[in-house]
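The values are calculated or read from the model by the stated rules, or taken from the named source; none is laboratory data. None of the values given here were measured: they were computed from a predicted structure. We place every Cβ from the backbone using ideal geometry, glycine too, and count neighbours over all the protein chains shown.
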């Protein structure tokens, strides 16, 4: 029984990890035009809202780079397309390599659907202003204020009626996307990880709730909305978006469908001399959990720590703590692995003992099963009496495995989602603990040790179960080939510890 349970737990775990690793979220196009808002006005019902046009950024006759402004800000270099007053390129200096965060430069991040051609009005150490004149005396100003320390940036769009008659401003959209760039090592899986998300504040909850945007517009007032992937986030935060209903639209980037975040605004009528301003903060950078926590507004919710998020956050904090002590995340993982095994040693001893007893009483159990095969109730009673006489429990051998499953998932998500481990080296050929072992040394060694550990453990007398258990090291080895090397190292330490422990216990109980 204990072997069946262990096998079920392991296979369930592998299914969970495989789903979490490889299944991308794919969404269909919007089925309806979402409702919009005007500045801070109340949201109109979808049936009454005008259908905004697709953003059409103004394009110069020459290549857009010939009509651009480059702006350095902290670890990022921004390139603004002057005519569209949008961000066409952001190169972030990541720990692995420079990363282009905008995979498709048209129409550009923070583009609007307003059909105006802009010119550069002003540029200071941290500010850019673009200006456009429109028929009827309408003047439009787009202003960007960039943070030098990787914090929140500012964006505003101001429309002024400088004419002598009332003028209508058409319904318009502010967009982020499509998609979001990443390091070259993650480009293959990146389209599977793209999301358009928003957060909203639920009554009675301390932190905002994050939700993926799908076919329908957001159903709640949003705290922030954006596009993200595993390691990066482009988000609009606060200001005039908190009463809007953002929605998701799909755009093509090569052969992939990429999410485009759309913030819709209603048409406006401006009297002579009247001015309207829409403003918001925006973040464009790595999903560094401590940094996003400091920025507030629930931006840290973009870091997906999975089902066991409390444990994953604890694991992330522990990794950071031991890294500060040792200066190496690989050493930090080894310390955590050893500490976990020390805590589980008493349970592992009881598990080994229980499995040894179960093997010893197999002949008696088979005799009971044969004798009472036509009376299941009597057979179960006799089996339980057998367990009681020998002081064992069929679940005793499973407890350490059951306790390690949440820890494994927590470390799995912490290592996969933690920006701090992205590009973190260990020693020799392991130069990125968040990526797979390039030479597969760790998973192959781990599989070999798991095989030896399984060979030393008390074996079941059921030939079918024994054969299945012998295949588990092979299955684990193939699964771990593509896992983060930091996670493989954690399981390798566990396997080495278990192997040494089994040798000791086998000698002691001989």
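Here are a few things to note about the model shown:
- Candidate set from the stretch 462-494 (those that are within 25 Å of residue 336 (Cβ to Cβ) and more than 28 Å from the chain's Cα centre (by Cα)); member that is modelled with the highest pLDDT: 473
- Among the residues of the stretch 196-209, those that are in contact with a strand residue (DSSP E or B) (Cβ under 7 Å, 6 or more places away or on another chain) and more than 13 Å from residue 246 (Cβ to Cβ) comprise 202, 208, 209.
- Single residue of the stretch 49-70 satisfying the filter (outside any loop (DSSP other than H, G, I, E, B), in contact with a strand residue (DSSP E or B) (Cβ under 7 Å, 6 or more places away or on another chain) and more than 30 Å from residue 423 (Cα to Cα)) that is modelled with the lowest pLDDT: 64
- Per-region count, the stretch 71-115, residues in contact (Cβ under 8 Å) with a residue 40 or more places away in the chain, over 27 Å from the mean Cα position of the chain (by Cα), farther than 18 Å from residue 263 by Cβ and assigned to a loop (DSSP other than H, G, I, E, B): 1
- Listing of strands (runs of 3 or more DSSP E) fully contained in the stretch 214-293 that carry 1 or more residues being crowded, with 19+ Cβ neighbours inside 10 Å and in contact with a helix residue (DSSP H, G or I) (Cβ under 6 Å, 6 or more places away or on another chain): 224-228, 232-237, 256-265, 275-286
Yes/no matrix, rows are residues, columns are (1) in contact with a helix residue (DSSP H, G or I) (Cβ under 9 Å, 6 or more places away or on another chain); (2) surrounded by fewer than 17 Cβ atoms within 10 Å (Cβ to Cβ); (3) farther than 30 Å from residue 484 by Cα; (4) touching a residue at least 60 places away in the same chain (Cβ under 8 Å):
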{"site": "158", "(1), (2), (3), (4)": "no, yes, yes, yes"}
{"site": "164", "(1), (2), (3), (4)": "yes, yes, yes, yes"}
{"site": "171", "(1), (2), (3), (4)": "no, no, yes, yes"}
{"site": "177", "(1), (2), (3), (4)": "no, no, no, yes"}
{"site": "184", "(1), (2), (3), (4)": "no, yes, no, yes"}
{"site": "191", "(1), (2), (3), (4)": "no, no, no, yes"}
{"site": "199", "(1), (2), (3), (4)": "yes, no, no, yes"}
{"site": "203", "(1), (2), (3), (4)": "no, yes, yes, no"}
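- For the stretch 307-317, a residue qualifies if it is surrounded by fewer than 20 Cβ atoms within 10 Å (Cβ to Cβ) and closer than 18 Å to residue 488 by Cβ, but none of them does.
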